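Have a look at the structure below before the remarks.
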Amino acid sequence: MDFNLTDEQKALRDMVRDFAAKEIAPRAQAFDEQGAIPKALLDQMAGLGLMGICVPSEYGGAGMDYLAYILALEEVCRASASVGLAMTVNNTLYGDPLLRFGTHEQKLSWLAPAARGERLGCYCLTEPGSGSDAMALSTTAVKDGDGYVLNGSKLFITNGAISSQAIIFATIDKSKGHKGVTAFLVDKATPGFSVGKKERKMGLLASDTCEMILENVRVRADQVLGKVGEGYKVAFSTLDAGRIGIAAQSLGIAEACLDAATAYAKRRFQFGKPIAEFQAIQWMLADMATEIEAARLLTYRAALLKAEGQGRYTREASMAKLYASEMGNRVASHAMQIYGGSGYMKDYPVERYFRDARATPLYEGTSEIQRLVIARELLKETA
Ligand SMILES: Cc1cc2nc3c(=O)[nH]c(=O)nc-3n(C[C@H](O)[C@H](O)[C@H](O)COP(=O)(O)OP(=O)(O)OC[C@H]3O[C@@H](n4cnc5c(N)ncnc54)[C@H](O)[C@@H]3O)c2cc1C
């Protein structure tokens with residue numbers, strides 16, 4: 001596997017690193033306190049092509065590969081995991097399934113405006129009664145003439161309030177289990193579709209997380225994404241791609257922790273010397289750096305497999321997500337330890353990194369679900 005980046009990938013990574021350092025990092029704490037990402041920033045990112053990195057130019061995107069996207073996402077998350085989350089939902093959870101399952105007309109109407117950043121998208125799978133067991137969802141789609149009528153509610157939806165369009169998973173027949181689940185493209189302006197409770201979270205405070213309510217929402221037959229009864233294919237293959245994004249988000253947070261902790265260890269003096277001279281601190285820094293490199297290799301490998309498009313990469317995506325998200329939490333904890341009491345205070349960014357990192361082993365499949373997926377794939381291979 002060739003990890004040498006192309007000139008195009010390097011140029012994108014460097015451009016985004018520079019942009020994130022100037023436009024996002026200095027304001028990330030303020031976004032957190034305001035509980036929102038300024039629309040002007042999302043527009044600026046869209047102008048740089050960051051809202052549809054892998055979408056071909058004919059559909060409004062930057063036409064780059066999946067590793068390029070992962071490199072860009074890592075840099076944005078290094079500055080703000082909340083901003084990175086808005087970006088990854090639009091690019092992957094919303095954009096990727098449209099790219100793979102959408103018709104040409106659907107790509108023109110539903111994907112292109114999202115890739116241009118004019119109408120952001122969200123992905124509505126989780127419900128009050130179904131999280132890890134996603135296919136046990138209860139939102140219904142009842143046939144009505146040529147179309148369907150949707151009823152139900154969705155929980156913890158990222159970009160729920162700031163988006164204009166959504167992918168909604170609903171069942172046409174609950175007795176069919178996962179084979180009843182169907183994916184629908186729904187405009188937020190459709191009568192009966194509304195945003196419910198805005199969640200009050202521990203971290204990722206600038207990211208928008210909402211309940212979404214569907215009450216007799218009418219959709220046309222051409223709003224089915226993929227095939228009727230094959231929503232499970234749309235949902236799970238999208239999560240494979242999304243998990244690589246969460247691994248990149250974890251990497252970005254961990255790198256920010258390492259940068260901050262290294263600088264702090266050099267400038268904080270105790271017992272007459274910088275704490276960086278104590279071996280206990282050096283070992284934490286060494287472990288942090290080593291774990292970040294290991295997570296990076298897993299993440300880039302999964303991204304390359306997806307970019308090459310030569311088959312499934314479910315196991316590699318789950319491994320990257322599992323390891324990187326748990327690594328991010330260990331690294332954030334070390335960073336806080338190196339900062340001592342100051343790390344617990346909101347005057348320093350490590351407190352935010354620690355809270356943001358905690359979400360990564362929870363969403364797009366918990367760590368337990370990643371282990372289940374990895375074990376299932378392993379057992380299949382050795383059958
Ligand atoms: C900040 C945030 C943003 C989110 N954004 C979105 C979004 O945009 N769209 C969306 O659809 N969802 C979103 N989610 C939902 C997220 O994907 C779910 O929270 C996640 O899948 C876990 O589901 P759950 O919360 O219902 O936990 P549960 O499924 O109830 O799990 C509870 C516990 O049981 C464990 N568990 C469950 N089943 C098993 C099993 N078979 N074996 C072992 N352990 C098991 C879990 O690992 C966990 O520890 C978001 C969540 C958060 C926190």
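List of remarks:
- So GLU316, is it over 22 Å from THR262 (Cα atoms), acidic (Asp, Glu) and assigned by TED's automatic domain parsing to the domain that holds ARG355: yes
- The stretch 255-288, residues that are within 23 Å of the chain's Cα centre (by Cα) and farther than 19 Å from GLY341 by Cα: GLU255, MET288
- For the stretch 182-192, taking the residues that are of a type in the set (A, V, I, L, M, F, W, C) and without any contact (Cβ under 8 Å) to a residue 40 or more places away in the chain, the one that is farthest from the ligand (Cβ to nearest atom) is identified as ALA189.
- Taking the criterion of being touching a Cys at 6+ places or on another chain (Cβ under 7 Å), in a loop (DSSP other than H, G, I, E, B) and near the ligand (Cβ under 8 Å from one of its atoms), the residues of the stretch 117-176 that qualify are ASN159, GLY160.
- Residue match in the stretch 257-264 (condition: under 30 Å from GLU316 (Cα atoms), within 16 Å of the ligand (Cβ to nearest atom) and not in a strand (DSSP E or B)): no
- When ALA303 is tested against the conditions (1) in a helix (DSSP H, G or I); (2) within 20 Å of GLU381 (Cα to Cα), the lone failure is (2).
- LEU297 vs. criteria of a type outside the set (Gly, Ala, Ser), crowded, with 19+ Cβ neighbours inside 10 Å and not assigned by TED's automatic domain parsing to the domain that holds ILE53: no
- Of all the listed residues (LYS179, LYS198), the sole one being more than 18 Å from the chain's Cα centre (by Cα) and more than 16 Å from the ligand (Cβ to nearest atom) is LYS179.
- Qualifying residue in the stretch 194-209 (condition: in a helix (DSSP H, G or I), of a type in the set (A, V, I, L, M, F, W, C) and in contact with a helix residue (DSSP H, G or I) (Cβ under 9 Å, 6 or more places away or on another chain)): no
- Some residue of the stretch 211-230 being of a type outside the set (Asp, Glu), under 21 Å from ASN151 (Cβ atoms) and part of a helix (DSSP H, G or I): yes
- Any hit, the stretch 331-352, residues being within 15 Å of the ligand (Cβ to nearest atom), assigned by TED's automatic domain parsing to the domain that holds ALA295 and part of a helix (DSSP H, G or I): yes
The values are calculated or read from the model by the stated rules, or taken from the named source; none is laboratory data. Just so it is clear, the structure is predicted and the values come from calculations on it, not from any experiment. All Cβ positions, glycine included, derive from the backbone under ideal geometry; neighbour counts span all protein chains shown.
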